[in-house]
1. Which condition number does TRP35 fail, the rest of (1) among the hydrophobic types (A, V, I, L, M, F, W, C); (2) under 22 Å from TYR133 (Cα atoms); (3) outside any loop (DSSP other than H, G, I, E, B); (4) at pLDDT below 95 being met?
2. All but one of (1) within 19 Å of VAL220 (Cα to Cα); (2) of a type in the set (Val, Ile, Thr); (3) touching a His at 6+ places or on another chain (Cβ under 8 Å) hold for VAL86; which doesn't?
3. Only one residue in ARG195, ARG179 is touching a residue at least 12 places away in the same chain (Cβ under 8 Å), under 23 Å from THR270 (Cα atoms) and in the same structural domain as THR149 (by TED's automatic domain parsing). Which one?
4. When you go through (1) in a strand (DSSP E or B); (2) within 16 Å of the chain's Cα centre (by Cα) one by one for ALA309, which number turns out not to apply?
5. Would you point out which residue out of VAL240, VAL220 is aliphatic (A, V, I, L, M), under 17 Å from LEU280 (Cα atoms) and under 13 Å from the mean Cα position of the chain (by Cα)?
6. What pairs come up if the first residue lies in region 77-93 and is touching a residue at least 40 places away in the same chain (Cβ under 8 Å), the second is assigned to a loop (DSSP other than H, G, I, E, B) and polar (S, T, N, Q), and their beta carbons are under 9 Å apart, counting only those six or more places apart or on different chains?
7. Of the conditions (1) outside any helix (DSSP H, G or I); (2) closer than 23 Å to LEU280 by Cα; (3) modelled with pLDDT under 95, ASP192 satisfies every one except a single condition; which number is it?
8. Which residues, taken from region 225-260, are in a helix (DSSP H, G or I), more than 14 Å from TRP108 (Cβ to Cβ) and either at pLDDT below 95 or among the aliphatic types (A, V, I, L, M) (or both)?
Amino acid sequence: MESTSKKIEQVLLEQYGLTVTALEKSSVGAGSDTWFVTCKDGRYVVKYPSVSDINHPEQEPELCEYLLENGIPVCQFVKNRQGELVSVDGQGRIFHVQKYIEGDMYDWHEAPEWLLMESAGLLGKIHTTLKNYHGLPMGIGEGFFQYMTPEHAQESYHRSLEAAKKEKDVEAVADLLYRIELMQRFPVYCFDMKRLTCQSTHGDYFISQLLCGENKINAVIDWTTACVHPVVWEIVRSYVYAAPSCKDGQIDIEEFVRYLEEYCRYAPLTEYDLLNMVDLFYYQIAVCDYYGQYYGTEADNRYIYLQQAKFSTRLLRWLEKNGEELTRKIKENLGK
């Protein structure tokens, strides 16, 4: 830790002319390394994004500048001595320096009512703002459904099952056995991506990315995974990680309808969006092996992957039984 701290201090002095007086490593988030830095002239955030196909740190500063210009509260990036917003350290690692934003971060399933509804509205504003923003990579698109199939998922779950058995994680073993059995009888889904509203979005919009003041969201952070997604996927995901009622993997149908109505005050959804949002989210969490992410990394904060894996399985069990009812309520309340 000490040697890493010294390297960060050195690179900030050399590339930014910043003299560090205090350094603290963030414990939030999986994969990326984030540091809170105090300097003589103020506070900053230094972020080293993890190397991943879904991370695109080179696009983040320009995107955030566009959002700031359009009234969306996001990060402000700092230029290095060469006038660049993206830097590379002596080990070849890409990193950003951002101005520090004051605010508190709520944990999963701890959103008070005001935050739950404001986050829905803010997501709608973001989608309206980014409607004509182009150039971001594809997230969940045709390629996702060609590769992420029940057959592929089942193979991955078998590998993760062996890892779970070695670590004697009884809960993970039970979850993976359920997922394997589910994949063997999984319904056939066919989503028309041309009819779903797919556009530029945050890509990881949920409660841990919101810095909050008193009854106010101060900023939406971490736009490294920004991409083109079906917007309904991000709506459902943002809700289930924020709402206290979802802690045990159960969705409060009436509350989710209110969340969706708040979003729709700022961004429209089509009939096709409304009818397919639950199935799309269900499909995605069913075929993605979060357990494999956990067992396949040695990152310090790898436990977050396991936390996500176990929570998504609880959701999966609930949606298998109640997904049709949730879709029916959405159609009744928001259908055209």
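The values are calculated or read from the model by the stated rules, or taken from the named source; none is laboratory data. Computed from a prediction, not measured in an experiment: that's the story for all the values here. Cβ atoms come from the backbone with ideal geometry, glycine included; neighbour counts cover every protein chain shown.
1. Of (1) among the hydrophobic types (A, V, I, L, M, F, W, C); (2) under 22 Å from TYR133 (Cα atoms); (3) outside any loop (DSSP other than H, G, I, E, B); (4) at pLDDT below 95, only one is false for TRP35: (2).
2. Among (1) within 19 Å of VAL220 (Cα to Cα); (2) of a type in the set (Val, Ile, Thr); (3) touching a His at 6+ places or on another chain (Cβ under 8 Å), the lone unmet condition for VAL86 is (1).
3. ARG195
4. Of everything listed in (1) in a strand (DSSP E or B); (2) within 16 Å of the chain's Cα centre (by Cα), ALA309 misses just condition (1).
5. Only one candidate passes the filter, namely VAL240.
6. The qualifying pairs are SER87/ASN80.
7. Just one mismatch for ASP192, condition (3).
8. VAL231, VAL232, ILE235, VAL236, ILE253, VAL257, LEU260, listed by residue number.
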